[in-house]
Each structure stands twice: as C-alpha cells, then as structure tokens.
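Input: a single structure, listed below in structure tokens.
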C-alpha cells in the first residue's frame, strides 16, 4: 500500500498499477478518515469487486456549516493508514485542503429535491459540498465503482442522483450499516459521546428495530404512526434531542404522507433519524424493502 | 466517420477506435449544430491535436431561457454530418433530448463570479445549463482535450473555471474567432438576419477593430473611454440595440474600472459586445494581450 498526497502522484500511481496488468478496474472509497469497521467493510467490498482500491481521506471543509465541527472533527493519520492497509487498500490519497482547493472553488454542484429533507434541511449547503468534492474525487481517480455506507442513506441517494444526471461512468455501490454489538451504528463522531450519552444513544438503533417489528406485526401501519412510534421511543432517553424523524420513499426521499401505509409502497421506504446527544449529532436509519423486491443494498 | 445517437453506442465506438491502436487520445468538439466554418476550424484543430475526434451536436434546452430561441434554433442534420466529415470528425454524437435528459435533471453545476457579468447577466441560468451539459459530455466522451471557439469568450472562461475547480482531466483548447471576409463573426444565428440587419451587424467587428486601433495609437486609454468609443460607434447603426458593452480582465471577467488603463493591465483584457438586430442577439469580442505576454488563444 502506498500513501500519496498530490493529485499528480495519485494519477501516476493509478496508471502504474493499471499498466502493470491488463484491464484493471479501480474502486474508490471516499472517507473523512478516523476509520472504523464501517470504513473497513467498504474497503473490503471494494477489494472484492475491483482490482485497485483507492481510499481517500479528506475532511472536506465545504460540506461543514459555520457552526459545525470541521475544526474538531477527529483525525488520526497513522491509525488510518494501518486500518486502510489491513482492510486491503492499494492506495491512500491524503490531500491537504490546499491540494483540493488551491483557490476557493467558484464551482458548485447542487442536487435539488433529494436534498430538500432530512439532513439537507438541517444542514443547508452540506450536500452541495458533498457532491462537489465527490465529483472532484471522481475526476481525480476516475474509478469504475465507488463505495458508500448506507448509514448516510441520503448521501447515497444524492450521489446516485448526481451520477445519473451528470453521466458519471461510475457504479455506486451502497454498503450495509455496520453496528457495534449493542446496536450503535459506527460513526467517527461516536468518539465525542460521554459514557452516559453513549449508553442513551442506543435508543436510535433500538427504536428503529422496534418500529420495524411493530410495522411487520401490524401493531402500526402508517407513516404517521411510525414517526410517532419512533419519536415516543427516542424521547424515553432524557438526553436525546431530536433533529428529525422521517419516513420517506427511497431513493427519491419524498416523505410519505401521514396516512400512507408504510409496507404497502411500491418501492423501498427509509425510516431515518437525526438526534443530538449533548453537542454530538448522530444519524441512523432502517431501509424497508417492499415485499418481493430483491434487496440490493 | 460514424454517426451515433445513444450514449452506449458512443462509448462503445470510442472504445473500439481506442483499442484499434495504442494510446489514442480523444478530442471533443461540443456544438449545437448548424455547423459553419467556425465549427470546422475547431474540428480541424482537434484533428491536429488528438487522434479520435468526436463532434457532439445537441441543441441543449437547459441553456435557453423561456423567452429565447430554443424552438427556432436552426437545425440541419444532413448538412452537419457532411461538414463534420469534411473537417475530419471520426464520430458525430447526435443525442435526442430524451437521451441527454431521460428525466428532468435535478443536478446543476453553477460557476459563480465568472458568470455574473456579460452574457451571464443578460441570460440568467444560461451558464448553469452550459456547464451542466458540458460536464455530461465530458463524462460521456471522457476526452483528453475539448475545443471551444473564442467568439463565446465567457463560455471558454466559465468552462476553464469548472475544469479547474472540479479537476476534470480535460485540456480546454480555445480557438480563434472565425469571421466572414467582411468581418462578421460566424454564428449559427446569423441566418436569422435580414439583408439590412446583416449589413448593419458589421458594426460589431468594425467597432472592436477601431477601438483596438484607438487604444494602440493612444487616442483612447481607459476602460471608460473604450466603452464610450464602442458604444458611440455601434449607435451609428440605427438597427443596433445594445445589450452590453464591457471591458473586463480575462479570464476572470471582472470589469475594469472606468479609469483603468486598458493596455497597462497585468493580464489579458477582453472587450466584449452583445447587440440585438431585430430579434437576433449577436455577440463579438476582441482579446487584448498585455505587452510581452505570449498569445495563447
């Protein structure tokens, strides 16, 4: 495994690996670093599906709001390099902010509709920053496939929309959420949690699991009931401060109307949460597949 | 030469041409068709610099305003195919609107600052439509170089900015304006002009030529004087209806202040005009290079 910091070096190394063998495919795993098992699962999925695996580690300033945690976002380069190598990365790209933005970007990519609810509503401009940096990474790496975790389900939907609309020749591969044994979805931001917050944060995965069961056994049926069920469960944790609880069609992310039957939709349905514990905002979700549809994520 | 209409066919044909010989470079000439000598000069430049020349012909609806001429924009596919072949194109891509936009695009690429003046001010949303479709074409064709005429100088600047900001691996090659013998810059829209409008439209190239001479011989010096000179000359034509007369740094396109000396700038300076004759809006420009700078366009 090789670590590179400039765009020219990266393009050069990819070219070298490609020409060392014929018809090598390239897989990209874009991350903000502070790698955990969720990231490792993406790298392993990339290794399985493509020949050359590139992991990018870049805390992208333009996807953070002014009051958000860009400065304090956890970073640990040495640990990340070891984790990436162990999971099977061939190249790790660690650009500086100056490498990615030698001048402030005048170009922004904006996706409408898919970005209007959920995290897009709470974090204005966030997804413009995500799509812009992902497009840059696609143009730098020119991957055949790119791997994203379903914990950020809206991010997956937004990037798939961008790829579709702009004809990027990249296969977007969504990968399942990886959880701690007790159910907490892995996130680099979990490190911010105090022991008590960490304990109470289990309410996210538990409420999603219980809502799914309640839908499946007919105890609740509509989107309004599902949201009320989730909200009530989360509020049992006194430290939980709800940002949103939403039930929406996936990947369009149009919210279901209150009275709509969740399990009788034609396509997949996402139950998604964002909840703050102290100063830490966590997200989690559960994707419900309509009966008979092949699970693709 | 081969004409193709679908994205899959085009990618396939490019791949075939590439694999028929080693290390073939691809040149893209994006056009809206109704090809004239200006387009032919771009195709010839592409043929000179790259191995495989792809000409796209697509009247892009999203770069036209609601009151503009999308419906009436001149089209002549048979003549275009003959002209592209004669100039040396290997592939002509003629997608339908449904091929380029199977659904209305939710993704837009917007470049700020460079788009705020000149045609960007007169045609709101125009350049978002241009950058979005050019990014799509870059992703479909994956060219090594793309060729644009300097008649649309702002378009060249905007696309260069997008390529820089989004790290497209494409060399943007600006090519000189091609003119009729009497000086009129070639444009597909010249066909709209009545004989009298056609005659009076010569004032555009003449006023730019005379302003350049007046600057060079010291008769005028400042940006304000240059604009006044151009405006007065144009208004000698009774059918001319000025949209804008501007003197701006190139490629940043920040307007020079009234009192600034035009020829003593550190970088290139663009004198640019948009003038309507009847219902036809024509543009023209002249690029002034600072003393000692190598001409690159």
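A few remarks follow.
- Just one of the listed residues (B:236, B:246, B:258) is in contact with a helix residue (DSSP H, G or I) (Cβ under 8 Å, 6 or more places away or on another chain), under 21 Å from residue B:117 (Cβ atoms), at pLDDT 95 or above and loosely packed, with under 15 Cβ neighbours inside 10 Å, namely B:258.
- Count - residues of the stretch B:163-188 that are surrounded by fewer than 17 Cβ atoms within 10 Å (Cβ to Cβ) and either at pLDDT below 95 or in a loop (DSSP other than H, G, I, E, B) (or both): 6
Listed here are the residues, each with its yes/no results for (1) at pLDDT below 95; (2) farther than 19 Å from residue B:82 by Cα.
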site	(1), (2)
B:11	no, yes
B:14	no, yes
B:18	yes, yes
B:21	yes, yes
B:25	no, yes
B:31	no, no
B:37	no, no
B:46	no, no
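- Within the stretch B:45-62, tally of residues that are touching a residue at least 60 places away in the same chain (Cβ under 8 Å) and in contact with a strand residue (DSSP E or B) (Cβ under 8 Å, 6 or more places away or on another chain): 7
- Qualifying residues in the stretch B:109-134 (those that are within 14 Å of chain A (Cβ to nearest Cβ) and surrounded by fewer than 19 Cβ atoms within 10 Å (Cβ to Cβ)) - the one farthest from residue A:168 (Cα to Cα): B:117
- Whichever residue in the stretch B:75-103 is at the interface with chain A (Cβ under 9 Å from one of its Cβ atoms) and free of Cβ contacts under 8 Å to residues at least 40 places away in the same chain and, among such residues, is surrounded by the most Cβ atoms within 10 Å (Cβ to Cβ): B:102
- Here the stretch B:10-34 is the region considered, the condition is being in contact with a strand residue (DSSP E or B) (Cβ under 8 Å, 6 or more places away or on another chain) and part of a loop (DSSP other than H, G, I, E, B), and the residue that is surrounded by the most Cβ atoms within 10 Å (Cβ to Cβ) is B:33.
- Scan of the stretch A:135-144 for residues that are more than 12 Å from chain B (Cβ to nearest Cβ) and either surrounded by fewer than 24 Cβ atoms within 10 Å (Cβ to Cβ) or under 14 Å from the mean Cα position of the chain (by Cα) (or both), ordered by number: A:144
The values are calculated or read from the model by the stated rules, or taken from the named source; none is laboratory data. Note that the coordinates shown come from a computational prediction; the quantities given were computed from them, not determined experimentally. All Cβ positions, glycine included, derive from the backbone under ideal geometry; neighbour counts span all protein chains shown.
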